[in-house]
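Peer 1: Sharing a structure here in structure tokens format.
The values are calculated or read from the model by the stated rules, or taken from the named source; none is laboratory data. Being a predicted model, the structure only gives us computed values, none of them experimental. Cβ coordinates were reconstructed from backbone atoms using ideal geometry, including for glycine residues, and neighbour counts include every protein chain displayed. Areas reflect the complete protein model, heavy atoms only, side chains present, ligands, DNA and RNA absent. Shrake-Rupley method; radii C 1.70, N 1.55, O 1.52, S 1.80 Å.
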Amino acid sequence: QVQLVESGGGLVQPGGSLRLSCAASGIIFSGNPMGWHRQAPGKQRELVAAITGGGSPNYADSVKGRFAISRDNAKNMVYLQMNSLKPEDTAVYYCKMHQQWRDYWGQGTQVTVSS
């Protein structure tokens, strides 16, 4: 059974930073594509950043230059460093992993950007 657990969310002022972590457990094959998505109230879930097994990142235009995704394959971890946060970044952030034709999701962590 695969499980993804996010951590690191919270309340931060505009311009601040947060680092999200996602721990994958269970039967994990090294090098699965992983990513971060977010869902704001009343909006559809959207891709924020993704990373290949080899470490190549891809970002939504709205976060380019501010967010950085990284991974540690040995620890089955993926991270999202979020800098220069804006109120519009407020959302529940979800970790996703693709393995053997299936997507696995974490339970989400709330990020609130407000003064």
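Peer 1: Within segment 52-73, count every residue that is over 26 Å from residue 29 (Cα atoms), open to solvent by 50 Å² or more (accessible area, probe 1.4 Å) and either polar (S, T, N, Q) or in contact with a strand residue (DSSP E or B) (Cβ under 8 Å, 6 or more places away or on another chain) (or both).
Peer 2: The total comes to 1.
Peer 1: Of everything in segment 87-102 that's modelled with pLDDT of 95 or more and exposed (fewer than 14 other Cβ atoms within 10 Å of the Cβ), which residue is farthest from residue 52 (Cα to Cα)?
Peer 2: 87
Peer 1: When residue 48 is evaluated against the numbered criteria (1) surrounded by fewer than 18 Cβ atoms within 10 Å (Cβ to Cβ); (2) in contact (Cβ under 8 Å) with a residue 24 or more places away in the chain; (3) of a type outside the set (Ser, Thr, Tyr), which criterion, by number, is the only one it fails?
Peer 2: Against the list (1) surrounded by fewer than 18 Cβ atoms within 10 Å (Cβ to Cβ); (2) in contact (Cβ under 8 Å) with a residue 24 or more places away in the chain; (3) of a type outside the set (Ser, Thr, Tyr), residue 48 comes up short only on (1).
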